[in-house]
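The values are calculated or read from the model by the stated rules, or taken from the named source; none is laboratory data. Just so we're clear, the structure is a prediction, and the values are computed from it rather than from any experiment. Heads up, the Cβs are rebuilt from the backbone with ideal geometry, glycines too, and the neighbour counts pull from every protein chain shown. The protein model used for the area step is the full one, side chains on, heavy atoms only, and it has no ligands, DNA or RNA in it. Shrake-Rupley method; radii C 1.70, N 1.55, O 1.52, S 1.80 Å.
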Amino acid sequence: QVQLVESGGGLVQPGGSLRLSCAASGSSFSIYTMGWYRQVPGKQRELVAIIASGTITTYSDSVKGRFTISRDNAKNTAYLQMNSLKPEDSAVYYCNAALPTAIYWGQGTQVTVSS
């Protein structure tokens, strides 16, 4: 069982920045593929970014160039640096850990981009 705890969400003005953190339990964090997803009411959860056990990253087209996913294996933590935020980035952001035999989700953290 892997537990994920997100933090760092909040209210920010358009053009601002936030950094989300996802702290994971377990002793094999370095082999997890970590991902960030987001969801708004009435819509499906969508991929934002993922980072494999090394440094290979993938981004959705809507955030490419603005968001950066990273990980610190020594701290069992994944991050999502979000810059140049837009109102359409407002959503609940979820952390995801993919293992060979299971997928785990955090509880989500709200990000609201509004003036």
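Over 14 Å from the mean Cα position of the chain (by Cα), over 14 Å from CYS22 (Cα atoms), open to solvent by less than 80 Å² (accessible area, probe 1.4 Å) and touching a residue at least 12 places away in the same chain (Cβ under 8 Å): is that true of VAL63 in this structure?
Values: over 14 Å from the mean Cα position of the chain (by Cα): no; over 14 Å from CYS22 (Cα atoms): yes; open to solvent by less than 80 Å² (accessible area, probe 1.4 Å): yes; touching a residue at least 12 places away in the same chain (Cβ under 8 Å): yes.
Spelling it out, it is not the case that VAL63 is over 14 Å from the mean Cα position of the chain (by Cα), over 14 Å from CYS22 (Cα atoms), open to solvent by less than 80 Å² (accessible area, probe 1.4 Å) and touching a residue at least 12 places away in the same chain (Cβ under 8 Å).
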**Item:** Residue check, ILE51 open to solvent by 40 Å² or more (accessible area, probe 1.4 Å), touching a residue at least 24 places away in the same chain (Cβ under 8 Å) and not aromatic (Phe, Trp, Tyr)
**Value:** no
**Prompt:** Which of the residues spanning the range 27-69 are at pLDDT 95 or above, among the aromatic types (Phe, Trp, Tyr) and over 15 Å from ALA91 (Cα atoms)?
**Reply:** TYR59
**Top-ranked residue of the range 24-48 - restricted to ones that are free of Cβ contacts under 8 Å to residues at least 40 places away in the same chain and assigned to a strand (DSSP E or B), ranked as least open to solvent (accessible area, probe 1.4 Å)** = LEU47
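Under the condition of being closer than 11 Å to TRP36 by Cβ and under 11 Å from the mean Cα position of the chain (by Cα), which residue from the range 72-91 is surrounded by the fewest Cβ atoms within 10 Å (Cβ to Cβ)?
Residues of the range 72-91 that are closer than 11 Å to TRP36 by Cβ, as a first pass: 78-82, 91.
So of that shortlist, the ones also under 11 Å from the mean Cα position of the chain (by Cα) come out as 78-82.
On the way: ALA78: 29, TYR79: 20, LEU80: 27, GLN81: 15, MET82: 27.
Among them, the one singled out is GLN81.
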